[in-house]
């Protein structure tokens, strides 16, 4: 006995897949853009240190991470010793 399949089921499944894919793409794009500012900040700090400008050139003031979600900088030397932290 063949199983009866309603004609709307395949359309509903197709529409669900299309909208789920669209949601996933938008969500991924938002996540990728969230890395832009911290990456730019880290690149600028690295360039300033490579140019020999010293730690004072990248100090932006202390950041209280409990109340302020802005990016901050942590600087390590080649021996992985901490040099500068701008987070409280």
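Numbers at a glance
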| read-out | value |
| --- | --- |
| Answer residue from the stretch 1-51, given it is farther than 27 Å from residue 71 by Cβ and outside any helix (DSSP H, G or I) and is modelled with the lowest pLDDT among those | 1 |
| Flag if residue 66 is under 26 Å from residue 82 (Cβ atoms), more than 15 Å from the chain's Cα centre (by Cα) and at pLDDT below 80 | yes |
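The values are calculated or read from the model by the stated rules, or taken from the named source; none is laboratory data. Computed from a predicted model, the values in this text were never measured in an experiment. Reconstructed Cβ throughout: ideal geometry from the backbone, glycine too, with neighbour counts over all protein chains shown.
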